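Input: a single structure, listed below in structure tokens.
The values are calculated or read from the model by the stated rules, or taken from the named source; none is laboratory data. Given the structure is predicted, the values throughout are model-derived calculations rather than measurements. Because the Cβ atoms are built from the backbone with ideal geometry, glycine has one as well, and the counts that use them run over all protein chains shown. In case anyone asks, the SASA skips ligands and DNA or RNA and just uses the protein heavy atoms, side chains included. Shrake-Rupley method; radii C 1.70, N 1.55, O 1.52, S 1.80 Å.
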Amino acid sequence: MSVEPIILQQLPTDLSKDRLPQHVAVIMDGNGRWAKNQGKPRIIGHQKGVDVLKDLLRCCKDWGIPALTAYAFSTENWGRPHGEVQFLMTLFERVLRRELQEMKAENVKIRFVGNLQDLPASLRQEIDRSMEDTKNNQGIQFTVATNYGGRHEIIQACQRSPPK
Ligand code: FPP
């Protein structure tokens, strides 16, 4: 995981705008390893992960990539130590509350996917607010997969009514 700030506001001249991907997806991974390498607790790695994600969102927006998806918390992640899970839930909530105004101003449309019912009520409230407040934005679509997993996706697909 690189933590160099992304300061490339304009597309580098050796990249062709026509060949840019229309959707970038990232799996948040390596936060803990990064922190360990720095001799810091894992939670510092998660905080740094948020900074990197923010830089990435800005980069995609500046370069004209219309969609970014971040896989932030999988169903397997509930198996982590209780304190770490709690920290992550609080971090998500805090980040949403802190960044919402800027995302609104920057025309970001935020969307959460995954099994959101199992998340803490206060986090769900921030999620609902952020989706509601940015639903008419026309800029980059930023999707955060939270409590996602293959099993859940299969169940959802099977429950969906068949096309008429
Ligand atoms: C994996 O690193 C990362 C996570 C389990 C969650 C981190 C997600 C964020 C910080 C994004 C939050 C974003 C928003 C918009 C609320 P790891 O702990 O698996 O690292 P490791 O593989 O080195 O152990």
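Taking V144, is it in contact (Cβ under 8 Å) with a residue 12 or more places away in the chain and assigned to a strand (DSSP E or B)?
yes
Working only within the range 107-140, note down all residues that are in contact with a Leu (Cβ under 9 Å, 6 or more places away or on another chain), open to solvent by 50 Å² or more (accessible area, probe 1.4 Å) and within 22 Å of D55 (Cα to Cα).
Of everything in the range 107-140, just one residue is in contact with a Leu (Cβ under 9 Å, 6 or more places away or on another chain), open to solvent by 50 Å² or more (accessible area, probe 1.4 Å) and within 22 Å of D55 (Cα to Cα), namely D133.
Need the failing condition index for A70 against (1) at pLDDT below 95; (2) aliphatic (A, V, I, L, M); (3) open to solvent by less than 70 Å² (accessible area, probe 1.4 Å), just the number.
(1) is the only condition that A70 fails.
Give H23, H46 a once-over and let me know the one that is open to solvent by 60 Å² or more (accessible area, probe 1.4 Å), under 18 Å from the mean Cα position of the chain (by Cα) and modelled with pLDDT of 95 or more.
Unique residue meeting the criteria: H23.
Suppose the filter is in a strand (DSSP E or B), under 24 Å from R111 (Cα atoms) and aromatic (F, W, Y); does F92 pass it? Break it down stepwise before answering.
Values: in a strand (DSSP E or B): no; under 24 Å from R111 (Cα atoms): yes; aromatic (F, W, Y): yes.
The answer is no for F92.
Confirm whether K164 is more than 21 Å from V26 (Cα to Cα), basic (K, R) and in a loop (DSSP other than H, G, I, E, B). Write out each step before concluding.
Working: more than 21 Å from V26 (Cα to Cα): yes; basic (K, R): yes; in a loop (DSSP other than H, G, I, E, B): yes.
Yes, satisfied.
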